[in-house]
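Worksheet: the structure to be examined is printed underneath.
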Amino acid sequence: MTSVDLTTETGGSGPSGYAAARLRLLQEETRSGPSRRAALARLTDDWLAALFTAAKEDTGVRGAALVAVGGYGRGELSPRSDLDLLLLHDGDSDPGALAALADRIWYPVWDLGLALDHSVRTPAEARRTAGEDIKVQLGLLDARAVAGDLGMAAGLRTALLADWRNQAPRRLPELGELCRERAERQGELQFLLEPDLKESRGGLRDATALRAVAASWLADAPREGLAEAGRALLDTRDALHLTTGRATDRLALQEQDQVAQALGLLDADALLRQVYEAARTVSYAADVTWREVNRVLKARSARPRLRAILGGRRPEPERTPSPRASSRWTARPSSPARPDRSATRCCHCARPPQRPSPACRSPCTPYATWPPRPSRFPCPGPPRRGSNSSPCSERANRPSRCGRPWRPRG
């Protein structure tokens with residue numbers, strides 16, 4: 001039996017008809033789990049669409065759409081879940097008519113005692129609010145058109161997804177910090193005797209965060225067992241809502257036996273074992289996902305610095321010979337130390353060495369350290385017999401390291 005059949009049998013699409021159809025759907029024992037949540041979401045869609053259409057005709061508002069966000073947008077509507085609604089308009093309507101349209105939708109919801117989280121925004125305002133508040137952005141990622149201008153609603157969702165992907169390197173660390181703060185405040189679900197199915201670490205909030213990370217195209221969560229774990233947590237919350245009659249997410253000790261019986265389990269121990277196993281799966285997926293996110297963000301942050309280092313490196317200047325040196329030989333830079341004028345002069349270039357030396361061991365290079373380093377071309381000694389020049393004169397065509405011409409000994 002569809003939601004339309006339920007509404008028709010119980011008196012139309014008014015508030016009383018919707019309430020009766022909703023009660024009948026929740027009392028059906030044959031429906032449970034995802035099928036009941038989807039049927040409840042469709043029933044609510046039909047009722048809100050009828051309210052929106054009638055109010056739009058009476059007020060004369062054009063260019064508006066009713067959008068479901070959050071858990072209602074995903075179709076995960078539990079028996080006592082609140083309705084997250086966005087009245088989207090193009091900004092050209094009269095403010096008074098727009099306020100009347102909103103009242104014609106919000107007040108019937110309140111009259112039934114349902115929790116309502118509502119807002120009225122233009123697409124630009126919705127994008128700006130999403131950029132300022134990450135919680136709003138997470139809810140708008142699951143936006144789904146219920147009635148009205150479907151093209152405007154689809155355009156908003158496309159723009160929000162594009163903004164989320166473009167801002168992922170900046171928003172994902174903020175989302176990760178939000179998850180860590182919530183985990184420190186609420187604790188680890190798999191180690192609590194009275195866990196919070198939504199806020200504790202490994203709960204429904206973490207599953208929503210993993211979907212947001214996957215929507216950023218930056219990293220993805222391990223898929224094995226994740227859908228089954230989320231379904232188990234949602235089924236437990238549905239049974240908890242039906243058992244207590246309240247919109248609560250904390251699984252108290254005195255209610256665990258009744259919740260286990262509603263789910264067809266043996267006792268509270270079997271219920272907690274199932275809940276802990278689901279939470280462990282979600283926690284493991286969250287650990288792997290956030291580790292991958294941190295790795296990718298770290299690699300992306302290092303890439304511009306590496307590009308700047310490689311692309312902005314100055315080329316090394318070419319070494320050119322000094323004006324006094326020939327093209328075949330490049331003079332080494334001499335020591336900045338001041339030479340000792342009182343020392344014995346070099347036997348070839350007549351330049352005093354750095355320190356006093358009893359004998360000239362290097363033709364031209366001043367001594368930068370003491371004891372002096374061996375020269376590449378040590379002086380071979382006095383002139384040969386029968387010759388007026390020293391063997392050093394064979395290198396007369398080479399410039400000295402100090403730039404001065406060679407001077408034969410003697």
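What to note about this one:
- Protein heavy-atom surface of region 211-294, 1.4 angstrom probe: 49% of the accessible area is carbon and sulfur, with nucleic acids and ligands not counted.
- Of the residues Y276, Y72, ranked by 1.4 Å probe accessible area with the largest first, the sequence reads Y276, Y72.
- Projecting label points 7 angstrom from Cα along Cα→Cβ for D94 and Y107 puts them 1.8 nm apart.
- Full-extension gain in nm, N166 to R185, via 0.36 nm per residue minus C-alpha separation: 3.8 nm
- Put S200, S81 in order of accessible area, highest first, and with a 1.4 Å probe you get S81, S200.
- Alpha-carbon gyration tensor eigenvalues x 5, square-rooted, for region 215-266, Å: 28, 13, 8
- Exposure check, 1.4 Å probe, all protein chains in place: K298 carries approximately 150 Å² of accessible surface.
- Rg and Dmax [Cα atoms of region 34-135; Å; Rg one decimal, Dmax integer]: 13.9, 41
The values are calculated or read from the model by the stated rules, or taken from the named source; none is laboratory data. Keep in mind that this is a model prediction, so the values were computed, not measured. Counting neighbours? That spans all protein chains shown, and the Cβs are built from the backbone with ideal geometry, glycine included. In case anyone asks, the SASA skips ligands and DNA or RNA and just uses the protein heavy atoms, side chains included. Shrake-Rupley method; radii C 1.70, N 1.55, O 1.52, S 1.80 Å.
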